[in-house]
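What follows is a set of notes on a single structure, which appears directly below.
The values are calculated or read from the model by the stated rules, or taken from the named source; none is laboratory data. Note that the structure is a prediction, hence the values are computed from the model and not measured. Note that each Cβ is placed from the backbone with ideal geometry, even for glycine, and that neighbours are counted across all protein chains shown. Side chains included, ligands, DNA and RNA excluded: accessible areas come from the protein's heavy atoms. Shrake-Rupley method; radii C 1.70, N 1.55, O 1.52, S 1.80 Å.
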Amino acid sequence: MTSNFFDSVTEAINGGVAYADRKTQIIRYRSELSTLARQKAQAFSDLGQAVLNREAANPQFVNAYASQVSAIRSLEQRENELEMQIDALQQQDVASNAGGQPQSGKVCSHCGTHCPDCAVFCANCGTPLTAQQAASNPGPAQGDGMLCKTCNIQYPADYVWCERCRSRLEPVSAADFAVDTE
């Protein structure tokens, strides 16, 4: 009787393992299908872009696919408008931060934020900056700001990332920082 019980338990366990293996394989296949679908969509996108670029001067092509070409051109125009608006806002941000004076330091190639020469990472997005200078302590800022708990360095309130270690900064008041550093 005990033998039947153990045989039943073993059979149930083996059935459960086989079931889990099948489910795992299904998940793997679905993941691969998803990856293939993204790759296929990218290939179609690349093909469509190449055909559009090659046939843009062909009136028959443009007439045959007028609605698609028009939709693509509208999207491209909106992309350009948004990029110009971003550039204008970044220039305004630079001017307001520098009091209208040119700002020295490094400029993040990812988001365009101006960072001090001593910065290793962008304070806005965390992207590594060019390693032209070694990082040094920017010194504590006066008043409320942000604090890197890892490096114990305070930054102005508009910073998000530590320029030394890339840790996310935490809000801190001047009184809190004075207690932390004593």
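Can you name every residue in region 2-34 that is among the polar types (S, T, N, Q), surrounded by 10 or more Cβ atoms within 10 Å (Cβ to Cβ) and farther than 30 Å from residue 70 by Cα? Outline the logic, then answer.
Going through region 2-34, the residues among the polar types (S, T, N, Q) turn out to be 2-4, 8, 10, 14, 24-25, 31, 34.
Still in the list and also surrounded by 10 or more Cβ atoms within 10 Å (Cβ to Cβ): 8, 10, 14, 24-25, 31, 34.
Matches in region 2-34: 8, 10, 14, 24, 25, 31.
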Within region 161-177, residues open to solvent by 40 Å² or more (accessible area, probe 1.4 Å) and either closer than 15 Å to residue 127 by Cα or modelled with pLDDT under 80 (or both) come out as 161, 164, 165, 166, 168, 174, 175, 176
From the residues in region 109-136 that are among the polar types (S, T, N, Q) and open to solvent by less than 50 Å² (accessible area, probe 1.4 Å), which one is modelled with the lowest pLDDT? 113
Among the residues of region 70-92, is any among the small types (Gly, Ala, Ser), more than 29 Å from residue 111 (Cβ to Cβ) and surrounded by 10 or more Cβ atoms within 10 Å (Cβ to Cβ)? yes
Quick one: count up the residues across region 137-154 that are open to solvent by less than 80 Å² (accessible area, probe 1.4 Å), of a type outside the set (S, T, N, Q) and at pLDDT 50 or above. 7
Out of the residues in region 97-108 meeting the condition of being open to solvent by less than 80 Å² (accessible area, probe 1.4 Å) and small (Gly, Ala, Ser), tell me which one is modelled with the highest pLDDT. 105
Quick check: anything in region 45-59 open to solvent by 60 Å² or more (accessible area, probe 1.4 Å), at pLDDT below 90, under 30 Å from residue 120 (Cα atoms) and within 33 Å of the chain's Cα centre (by Cα)? no
